[in-house]
Amino acid sequence: MKILVVGSGGREHALVWKICQSSLVDKVYAAPGNAGISKLAQCIPVSVTEIDKLKEFALNEKIDLTVVGPELPLVQGIVDEFLASGLKIFGPSRLASELEGSKAFAKNLLKQHGIPTPSFKVVHSFEEAKTYLTKLSPPFVIKADGLASGKGVVICQRKDMAEDTLAKIFKDKIFGSAGEKVVIEEFLDGKEVSVLALTDGKTIAVLEPAQDYKRLMDNNQGPNTGGMGSYSPVPFVSSRLMDNIVKDILVPTIHAMNSIERPYRGVLYAGLMVAGNKVKVLEFNVRFGDPETQPLMMRLKSDLVALMLAVVEQKLDRIEEIEWHNESAVCVVIASQGYPANPKIGDVIEIGKRMGKDVQIFHSGTAFSCPSPLRSGNPSPFRHPPLRPAPVRVLGGIASRYNRDGTAQNGGEKLVTAGGRVLGVTALGKDRTSAREKVYSAIKQMSFNGAYYRTDIAK
Ligand code: AMP
Ligand code: GLY
C-alpha cells in the first residue's frame, strides 16, 4: 500500500514511524513533513490546507490511504473532498469535525445528551459576556469558540482580567472569527487525562490513556502550550475509571453524533478532568494528540495501518483487540527559545549518535537549511535569523542522515530549528521512572541555541 500522511509535527513523525513498520505498507509520503520524517517518507512540499493539491497528488500517485494529522484540514473538509473522489482517508468529515472546530457545538451536544461537562454559557458579545460574569465567581474559564492553535483558552483569576480577555476577543478580535462566540465555563479542579479512541461510528476501540503537560514551565507554571511532554499509561486511570469513561462519555458521544447525522469516523480525543471518581469532558479533538501520540505509538504493538483501514472501511468490529507493550513511554518536548509566544528559528541542532535502542527522537519544527555561504558560496537563508520558517527547504525522500554537528550526510545541509516545538524525545522503559531516565539522558546529547524543556515530565 501507498500511504500519505498530512502534517509536519511530532505527532506525524510518530505516525509515519509506526506506519513504516506495517507489513501492509510499501511506500509512505508526507505533506509537507519535516527533516525527521524525510528519513522515513518521501516529503512533498504541499501544505496541510492545500486540499486540492493533496487530492491531486493522492489521485496521481494512487495513494491507498491518507492519514490526516492536524485539525485544520479536517475542519475544512479534506475528508469529504477525498471521499467524493473515491480516495480512502482516515479522519472525520467536516460536519463531524465541528466537535473540535466549534466549542459551542461540542458543549451544546454534550449538554443535550447528558454527557458530563462543566456548566457553561455561550455568549455572542462583550456586553452579554460581562453580564454573565457578574453571576460567577473566579476563576473564570474563557474559551474562544473556533480553532485558535491551542491558545484559545484563558483562565482568569480576577473579574477585571476576565473582562480584559473578553474585550480582547470581542473588540480587538485577537482570535479573528474564531472569537465571534465565546464559551464561559465552570472551573474544575482535578487531574487531566487524554483518552483517544478509534471509531468507525459503530464500534469503538479505546487506546491507552496518556497525560499531556500543557504548561510551559516546571510545576505547571507559565502559559499554556501545544504540550511540553506526555506519558502513557497513566497510573491514576484504573480499568474501572476507563470503563466509566467509555460508558458515560465515548459511547454516548458517538451515539449523539449518529443521532444528528454526523457519524464520527477516525480518532476521537477526549480531554478529560478527573476528580475522585467523577470525569468531565473539557474538550474534544478530532485527531491524534501532540505529544500524546509519541508515547502511544511507541507502546502500540498492533499494526496501526490495519486499525486505520478497519475504521475507514467500517469494519472495526472485526478487530479482536488492540495490543500494547506493557512498558511505559515518556516524551519530553524540546522547544525553541521564545516558545510559545515568539519562537526563534534557524538554529543548528546537534544530535548525538548514541541513543539507546528504546529511544526515538520525533521531530516537530525541524528542517534542513541550505548550505551556508561560507562553505558553498550560496546565499544563506539564515544569515539573519528569519522570523518565519519560509526559507527552509523541505527535502524529498532522499537519505537525510545527519552527523554529530548537525550537518546532513547528503551534502552539507544542516538540521535546523523551524518551529516552536522542535524535538520530542521519547523512550520506552520497564516503568515510568526508567523511561523518564532514558529520555533525560538522551536529551543531554542534544543541543541548539536556546533549547528549552521541562525537567519534571512524568516525575
Ligand atoms: P481545552 O483546550 O479546552 O482542553 O483547554 C486547555 C486547558 O485549559 C486544559 O487542558 C485545562 O488545563 C484548562 N482548562 C480548560 N477548561 C477548564 C476548566 N473548565 N476548568 C479548569 N481548567 C480548564
Ligand atoms: N496535546 C494536546 C493536543 O494535541 O491538542
Within region 256-274, restricting to residues that are in contact with a strand residue (DSSP E or B) (Cβ under 7 Å, 6 or more places away or on another chain) and not aliphatic (A, V, I, L, M), the one that is surrounded by the most Cβ atoms within 10 Å (Cβ to Cβ) is G266
Taking the options V333, V305, V312, V359, name whichever one is out of contact with any Ser or Thr (no Cβ under 8 Å at 6 or more places or on another chain), modelled with pLDDT of 95 or more and buried (at least 20 other Cβ atoms within 10 Å of the Cβ).
V312
If you check V153 against the conditions, is it within 16 Å of ligand 2 (Cβ to nearest atom) and either crowded, with 17+ Cβ neighbours inside 10 Å or closer than 25 Å to G9 by Cα (or both)?
yes
Within region 82-129, tally of residues that are in a loop (DSSP other than H, G, I, E, B), more than 16 Å from ligand 2 (Cβ to nearest atom) and either aromatic (F, W, Y) or in contact with a strand residue (DSSP E or B) (Cβ under 6 Å, 6 or more places away or on another chain) (or both):
4
Starting from region 116-145, keep only residues that are more than 18 Å from Q157 (Cα to Cα), then list their pairs with residues that are within 11 Å of ligand 1 (Cβ to nearest atom) and of a type in the set (A, V, I, L, M, F, W, C) whose Cβ atoms are within a distance under 7 Å, requiring at least 6 positions of separation or different chains.
P116/V281; T117/V281; K121/I184; V122/V183; V123/I184; D145/V183
List the pairs whose first member sits in region 271-297 and is in contact (Cβ under 8 Å) with a residue 40 or more places away in the chain and outside any loop (DSSP other than H, G, I, E, B), whose second member is basic (K, R) and more than 13 Å from ligand 1 (Cβ to nearest atom), and whose Cβ atoms are under 7 Å apart, counting only residues at least 6 apart or on separate chains?
T293/R11; M297/K18
Pairs, first among the acidic types (D, E) in region 94-110, second within 16 Å of ligand 2 (Cβ to nearest atom), C-beta under 7 Å, six or more apart
E100/E71; E100/V75; E100/F284; E100/N285; E100/V286
Take the conditions at pLDDT below 60 and buried (at least 16 other Cβ atoms within 10 Å of the Cβ) and apply them to S380. Does it pass?
yes
Go through T134, T165 for me and flag whichever is out of contact with any Asp or Glu (no Cβ under 7 Å at 6 or more places or on another chain) and surrounded by fewer than 16 Cβ atoms within 10 Å (Cβ to Cβ).
T134
Could you please let me know if V246 is part of a helix (DSSP H, G or I), among the aliphatic types (A, V, I, L, M) and touching a residue at least 40 places away in the same chain (Cβ under 8 Å)?
yes
Within region 268-295, count every residue that is farther than 24 Å from K151 by Cα and more than 16 Å from ligand 1 (Cβ to nearest atom).
1
Considering G227, G152, G222, G146, which residue is within 13 Å of ligand 1 (Cβ to nearest atom), at positive phi and within 18 Å of the chain's Cα centre (by Cα)?
G227
Restricted to region 187-233, and to residues that are aromatic (F, W, Y) and either outside any strand (DSSP E or B) or closer than 22 Å to S97 by Cα (or both), which residue is farthest from ligand 2 (Cβ to nearest atom)?
F187
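The values are calculated or read from the model by the stated rules, or taken from the named source; none is laboratory data. These numbers were taken from a predicted model, which means no experiment stands behind them. Quick reminder, even Gly has a Cβ in these numbers, built from the backbone with ideal geometry, and neighbours come from all protein chains shown.
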